[in-house]
Amino acid sequence: MPGALEAALARRSWSKVTDEAPTHDELLALVAAAGRVADHSSLQPWRLIELRGDDRERLGRAINKAQGDKGVSSKPLRAPLLIAVVASYRKSHKVPRWEQEAVASGVAHLLSLLLDEAGWGVIWRTGHYTRAKAVAKAHGLRKNEELLGWLYVGGKPPRSRPERRKAVDARGLVSRMP
């Protein structure tokens, strides 16, 4: 089993996936691990919404409605499982809103890494409609919540060519305090 460093270096986004997806129970085990991200005051300012089957078509209708179009957007049908990432802000004198959103984002990123390591293809998708009323309503969001995007999850298709991913130049991104 690879360590965290190897898993992070091997991670990539999968824009196309097969129709296979982790089960609900498999997902719960990974979410339990992803929920261990740093969380100031342990507020758990996040939640996830699992979308499968017809849920994806309901989302497609909401996306089209948000864009002023009729019918069903095919975007949510690109993967068998979508996981909506929701920042669920809590009242706190210690933990500002941006930090709570960072926790929700951290959960999503760690979950995507865990899914990838477990053999699933994952991509985090967003769009201007993540903040649209029709999309928020379709997800049952509360007043204190915002949709950050969706993890699209499915099986990893066989690769016909090796991936060419640009290495991160850490030296250009890490500095000392002036």
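Which order, highest average first, do 27-35, 96-104 follow once you tally other Cβ atoms within 10 Å for each residue and take the mean per peptide?
96-104, 27-35
Taking each full run of DSSP H in the chain as one helix, which ones are at least 27 Å long along their axis (Cα atoms) and have mean Kyte-Doolittle hydropathy of at least -1.0?
Taking the DSSP H segments of the chain (at least 27 Å long, mean hydropathy at least -1.0), we get 97-117.
Which net charge results when you count Lys and Arg as +1 and Asp and Glu as -1 among the other residues whose beta-carbon is under 12 Å from that of ALA7?
For residues surrounding ALA7, the net value is -1.
For a bin width of 5 Å, list the pair-distance distribution of segment 71-149 built from all Cα-Cα distances, rounded to whole %.
Bins of 5 Å from zero give 3, 13, 22, 23, 19, 13, 6, 2, 0 percent of pairs.
Hey, any idea what % of segment 70-118's accessible area is carbon plus sulfur with a 1.4 Å probe?
56
Show that you can apply the helix-only estimate: for the chain, add -39,500 (n - 2.57) for every DSSP H stretch of four or more residues, divide by all residues, and state [θ] at 222 nm to the nearest 500.
-10000 deg cm²/dmol
Would you mind giving the three semi-axes, in whole Å and largest first, of the ellipsoid equivalent to segment 1-104 according to its Cα gyration tensor?
The equivalent ellipsoid of segment 1-104 has semi-axes of 28, 22, 13 Å.
Hey, what's the chain come to in accessible area per residue, 1.4 Å probe, Å²?
63
Going from the alpha-carbon gyration tensor of the chain, what semi-axes, largest first and in whole Å, does one get by taking the root of 5 times each eigenvalue?
Values for the chain, descending: 26, 24, 16 Å.
The values are calculated or read from the model by the stated rules, or taken from the named source; none is laboratory data. Values in this document were obtained by computation on a predicted structure and should not be read as measured data. All Cβ positions, even for glycine, are placed from backbone atoms using ideal geometry, and neighbour counts span all protein chains on display. Only protein heavy atoms, including side chains, enter the accessible area calculation; ligands, DNA and RNA are left aside. Shrake-Rupley method; radii C 1.70, N 1.55, O 1.52, S 1.80 Å.
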